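Undergrad: Just dropping this structure here.
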Amino acid sequence: MFVEERRERILQKIYKEKTVSVQQLAEVLQTSVHTIRNDLTYLEEQNHLTRTHGGAVLNERSRLNVMKTSVRYDQADQYQHAIAKRAAGLIKPGMTVYIGGSVTHYLMLQYIKQDMKCTIVTNSLQVALDLSTNESVECYIIGGHVPYSSNTVGSMAVKLMEQFHVDLAFINNGFHLEQGMTTSNPEVAAFQSAVIQNAKKIVGLGNHYKVDIVTFASIASLQVVDLLILDEKVSEEIRDGLEQAKVDYVVATGDELA
């Protein structure tokens, strides 16, 4: 197995499980503990993960922690599916909606009814490509700089987004009661701010590993969110804090997937 392939498989595993052990990786990848340790050191230097005693954990705060699109979407968990399904249910016929390029955003596509006539604005190449086969949906893609994530950003993307007005915008970033919404990349923050300013209603997609997290660049106060969709792993303490801050939220459960 080539070095790049092995490191890609390590990233796949840590993205899915959020934590890995050196011994487990050595057994799965059929290589030495020494080799795995060197791989983890390299990936830590690239800000993909943080080394721990005997293994590593996913670096949620890294502004470089972006995986290949196909890998990210394939590793979706039940919590992301539950949030995606609840979010898709908010889309009504005739609406104009913004959907980004996160895993949860992408999962929403499979829960939008095939005969749902609506307009979707996106900065995700993958989302636009998938929607191109849905005759009921009119899709507009925002142009701009295309980074590794395949989600357009930059000044051109911001200016184009400012020309659109949407009924619903689904935002998937870090959510924190005091620091508000944040993301790991300033260009993404600028684009998301433009989305928020041009949306009638903001819906936050609050996966448990993105709630109570503060990353590099600020987007907006949490109070601009009209509804925050949480998964069932978000703690009661955080839910109580949201209630005290008067942030409306709902909890998407695995039962909704049945």
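The values are calculated or read from the model by the stated rules, or taken from the named source; none is laboratory data. All of these numbers come straight from a predicted model, not from anything done at the bench. Neighbour counts run over all protein chains shown; Cβ positions are idealised from the backbone, glycine included.
Undergrad: Every residue in region 137-148 that is under 15 Å from Ile99 (Cα atoms), out of contact with any helix residue (DSSP H, G or I) (no Cβ under 7 Å at 6 or more places or on another chain) and surrounded by 14 or more Cβ atoms within 10 Å (Cβ to Cβ), please.
TA: Tyr140
Undergrad: Which condition number does Pro93 fail, the rest of (1) in contact (Cβ under 8 Å) with a residue 60 or more places away in the chain; (2) out of contact with any His (no Cβ under 7 Å at 6 or more places or on another chain); (3) of a type outside the set (A, V, I, L, M, F, W, C); (4) more than 16 Å from Asn151 (Cα to Cα) being met?
TA: Single failed check for Pro93: (1).
Undergrad: Collect the residues in region 140-176 that are of a type in the set (Ser, Thr, Tyr) and either not in a loop (DSSP other than H, G, I, E, B) or not assigned by TED's automatic domain parsing to the domain that holds Val214 (or both), keeping them in residue-number order.
TA: Tyr140, Ser155
This table checks each residue for (1) touching a helix residue (DSSP H, G or I) at 6+ places or on another chain (Cβ under 6 Å); (2) buried (at least 18 other Cβ atoms within 10 Å of the Cβ); (3) more than 20 Å from Leu107 (Cβ to Cβ); (4) not assigned by TED's automatic domain parsing to the domain that holds Cys118.
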position: Glu178; (1), (2), (3), (4): no, no, yes, no
position: Val188; (1), (2), (3), (4): no, yes, no, no
position: Ala194; (1), (2), (3), (4): yes, yes, yes, no
position: Ile202; (1), (2), (3), (4): yes, yes, no, no
position: Gly206; (1), (2), (3), (4): no, yes, no, no
position: Lys210; (1), (2), (3), (4): no, yes, no, no
position: Leu230; (1), (2), (3), (4): no, yes, no, no
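Undergrad: Which of the following residues is crowded, with 21+ Cβ neighbours inside 10 Å, in the same structural domain as Asp77 (by TED's automatic domain parsing) and touching a residue at least 40 places away in the same chain (Cβ under 8 Å): Thr215, Thr182?
TA: Of Thr215, Thr182, the one residue that is crowded, with 21+ Cβ neighbours inside 10 Å, in the same structural domain as Asp77 (by TED's automatic domain parsing) and touching a residue at least 40 places away in the same chain (Cβ under 8 Å) is Thr215.
Undergrad: Considering region 70-94 alone, what residues qualify as being crowded, with 19+ Cβ neighbours inside 10 Å and at pLDDT below 75?
TA: Across region 70-94, the qualifying residue is only Arg72.
Undergrad: Would you pick out the residues in region 164-174 that are out of contact with any Leu (no Cβ under 8 Å at 6 or more places or on another chain), at pLDDT 95 or above and not aromatic (Phe, Trp, Tyr)?
TA: His165, Val166, Asp167, Ala169
Undergrad: If you check Ser155 against the conditions, is it more than 20 Å from His81 (Cα to Cα) and at pLDDT 95 or above?
TA: yes
Undergrad: State whether the residues of region 242-250 include one that is assigned to a helix (DSSP H, G or I) and surrounded by 14 or more Cβ atoms within 10 Å (Cβ to Cβ).
TA: The answer is yes, given that some residue of region 242-250 is assigned to a helix (DSSP H, G or I) and surrounded by 14 or more Cβ atoms within 10 Å (Cβ to Cβ).
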